[in-house]
Amino acid sequence: CDLKWAKGRFPTPHWEGEAPAEPKRGEGEAPAEPKRREGEAPAEPQEIEIRWERDERNFTLWFALPSSVKAEIVLPKIVPESASINVKLVKGEAAQPRFEANHWRINVSVGSQGKVEAIW
């Protein structure tokens, strides 16, 4: 189970509509400035902290989200539908774990920190 993809820089800016065209020299109006969908990107990139452990009957994931990032945690397929899922947060809020599309999923609020334990 490789979760290296879970670490990265956030948030990625999202623009409304089409990206602005290259400015044209000469006649006409300057192209409109793009608008951000939600807020402004922070001055410094932020990282998600994540680590995990597993054995034959357990999977534990520890995480810490930046203050501007919310997430859906998707546990790997090795965690069966019959598993007991425990979410323990030191910061933030979590929705009830749900089994959907062959994975356990947990939505957590912005800036959440804690761990998810799966036991089967």
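The values are calculated or read from the model by the stated rules, or taken from the named source; none is laboratory data. What you see is a predicted model; the values in this text were computed from it and never measured. As a convention, Cβ positions derive from the backbone with ideal geometry for all residues, glycine included, and neighbour counts pool all protein chains shown. Just the protein is used for accessible areas: all its heavy atoms, side chains included, with ligands, DNA and RNA removed. Shrake-Rupley method; radii C 1.70, N 1.55, O 1.52, S 1.80 Å.
Of the residues making up the range 41-87, those that are open to solvent by 50 Å² or more (accessible area, probe 1.4 Å), part of a loop (DSSP other than H, G, I, E, B) and among the small types (Gly, Ala, Ser) are Ala43, Ser67, Ser68, Ser82. All conditions in (1) modelled with pLDDT under 95; (2) loosely packed, with under 10 Cβ neighbours inside 10 Å hold for Ala6, with the sole exception of (2). Of all residue pairs spaced 6 or more apart or on separate chains, those with beta-carbon atoms under 8 Å, a first member in the range 72-95 that is in contact (Cβ under 8 Å) with a residue 12 or more places away in the chain and a second member that is assigned to a loop (DSSP other than H, G, I, E, B) and aromatic (Phe, Trp, Tyr) are Val79/Trp120; Pro80/Trp120; Ser82/Trp120; Ala83/Trp120; Ser84/Trp120.
All told, Val116 meets the bar of being open to solvent by less than 20 Å² (accessible area, probe 1.4 Å), in a strand (DSSP E or B) and modelled with pLDDT of 95 or more. Considering the range 67-91, and only residues there that are among the small types (Gly, Ala, Ser) and over 14 Å from the mean Cα position of the chain (by Cα), the residue that is farthest from Glu49 (Cα to Cα) turns out to be Ser82.
Kindly indicate whether Val90 is open to solvent by 80 Å² or more (accessible area, probe 1.4 Å) and of a type outside the set (Asp, Glu). Spelling it out, Val90 is indeed open to solvent by 80 Å² or more (accessible area, probe 1.4 Å) and of a type outside the set (Asp, Glu).
Do we find that Pro97 is at pLDDT below 95 and surrounded by 12 or more Cβ atoms within 10 Å (Cβ to Cβ) in this structure? No, not satisfied.
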